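Worksheet: the structure to be examined is printed underneath.
The values are calculated or read from the model by the stated rules, or taken from the named source; none is laboratory data. A quick note: this is a predicted structure, and the numbers were derived from the prediction, not measured. All Cβ positions, glycine included, derive from the backbone under ideal geometry; neighbour counts span all protein chains shown.
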Amino acid sequence: MKQHQIHLFVAGLCLLVSAWATAADKPQYAVEYRQGVMNALAWNVGPMGKMVKGEVDFDSTRFAFLADRLAVLVPMALEGFTPDTAAVKSHAKAELWQHQDDFKKRIEQLQGASAELARVAKTGDEAKMRVTFGDAVKMCKGCHDEYQKKH
Amino acid sequence: MESRRILIWDLPTRLFHWSLVVLFLLSWWSGEQGGTAFKFHQLSGYAILTLLLFRLAWGVVGGETARFTQFVHGPRRVLNAAAELLTPTPLAQAGHNPLGGWMVVALLLGLLLQAITGLFANDDIMNEGPLMATISKDLSDILSGVHGFNFAVLIGLVGVHVVAIVYHRLRKGERLTRAMITGYRTLPASAITPRTSRGWLAAVLLALAAGIVALLINL
């Protein structure tokens with residue numbers, strides 16, 4: 001390979017990398033990030049729900065393991081809801097951007113609830129786990145009803 | 001004017017109506033609750049779907065006032081009924097009037113759409129309809145959206161239905177709620193007593209409807 005061809009190749013590579021770096025700042029990526037967190041939440045809430053609903057046997061150890069994950073995931077979600085994502089097509093209602101303080105407050109309440117759930121799960125008190133879980137998912141639904149559109 | 005008391009709503013039709021009222025309220029409540037109260041929403045939805053299938057069959061082979069051919073009419077009779085609605089004279093007719101007949105159709109179709117979309121819906125948290133797994137998540141999301149929007153439509157229809165009943169009571173002195181409870185209305189002596197249907201047929205149809213729903217949710 002001739003020298004100028006190498007230069008051209010390196011220049012092209014630099015361009016590609018810088019284009020990629022710029023793309024990483026796109027609001028689209030914030031949307032995908034928060035959707036990833038939400039999907040991860042659903043992934044972990046699902047089996048807990050099945051236990052609470054009695055569709056599978058209640059396994060306190062597994063429940064506590066999943067509850068710990070929720071406590072980590074919930075505080076991660078808010079980062080992806082940046083105002084510059086308002087224009088990106090997503091499941092977020094326009095109201096979310098008009099009531100950002102309320103939205104933030106709700107996520108913080110859910111943070112408290114998920115931390116409490118993780119704490120309760122460690123005690124092994126199954127009845128209390130059920131109640132605390134029920135309270136937490138009610139918060140999920142309350143916020144979805146307010147700020148999430150289905151289509 | 002001479003009048004007499006006649007049976008206009010047979011027992012299956014009345015039981016259908018009031019079971020539906022109770023289940024509608026239960027579905028509303030449990031739907032708002034979501035989360036762990038959701039099992040009631042599901043059961044209530046299955047029961048409503050069962051009742052609707054029963055009612056569709058009952059509309060063909062049931063008592064006379066329950067039959068679609070008896071109360072679904074074209075625009076001219078609907079307009080006449082609408083004009084008559086404004087007068088204070090009570091209707092001399094047993095069963096649904098041509099205007100109310102279309103409300104029955106609207107309510108049945110609205111509830112049917114609600115029950116069917118519910119089977120495919122998901123709440124993005126921990127609950128899903130029994131047939132959600134048979135379709136894509138995107139389609140389930142769309143149907144969940146329809147389920148949510150159509151509920152508002154249903155509330156509107158139920159509201160109009162209830163207001164109409166109150167209007168009939170206040171303006172025309174017709175006690176329609178009592179008729180739906182006891183089955184009887186006092187009508188001019190000239191009114192024809194509608195044919196009722198066999199109770200055992202209703203029981204068979206209801207059992208069949210329940211069987212279909214049971215098969216459906218276990219697909």
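The table below lists the values:
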{"read-out": "Residue list for the stretch A:26-81, filter: surrounded by 16 or more Cβ atoms within 10 Å (Cβ to Cβ) and not in a helix (DSSP H, G or I)", "value": "A:F81"}
{"read-out": "First in the stretch B:128-147 and closer than 20 Å to B:G110 by Cα and within 10 Å of chain A (Cβ to nearest Cβ), second anywhere and of a type in the set (G, A, S) and not in a loop (DSSP other than H, G, I, E, B), Cβ under 8 Å, 6 or more apart", "value": "B:H147/B:G118"}
{"read-out": "Scan of the stretch B:195-219 for residues that are modelled with pLDDT of 90 or more and in contact with a Gly (Cβ under 9 Å, 6 or more places away or on another chain), ordered by number", "value": "B:L201, B:A202, B:L205, B:I217"}
{"read-out": "Checklist (1) at pLDDT 95 or above; (2) closer than 22 Å to B:S30 by Cα; (3) not aliphatic (A, V, I, L, M) applied to A:D102, failing item", "value": "(2)"}
{"read-out": "Residue in the stretch A:37-57 that is more than 13 Å from chain B (Cβ to nearest Cβ) and either over 14 Å from the mean Cα position of the chain (by Cα) or within 25 Å of A:D125 (Cβ to Cβ) (or both) present", "value": "yes"}
{"read-out": "Residue among A:L70, A:L110, A:L117, A:L66 that is closer than 25 Å to B:H147 by Cβ and at pLDDT 95 or above", "value": "A:L110"}
{"read-out": "The stretch A:58-93: number of residues that are within 21 Å of A:V120 (Cα to Cα) and within 14 Å of chain B (Cβ to nearest Cβ)", "value": "7"}
{"read-out": "Residue count for the stretch A:118-141, restricted to those that are within 17 Å of A:G49 (Cα to Cα) and either without any contact (Cβ under 8 Å) to a residue 12 or more places away in the chain or within 13 Å of chain B (Cβ to nearest Cβ) (or both)", "value": "16"}
{"read-out": "Residues satisfying the stated conditions in the stretch B:162-202, i.e. assigned to a helix (DSSP H, G or I), over 23 Å from B:M103 (Cα atoms) and in contact (Cβ under 8 Å) with a residue 24 or more places away in the chain", "value": "B:G199, B:L201"}
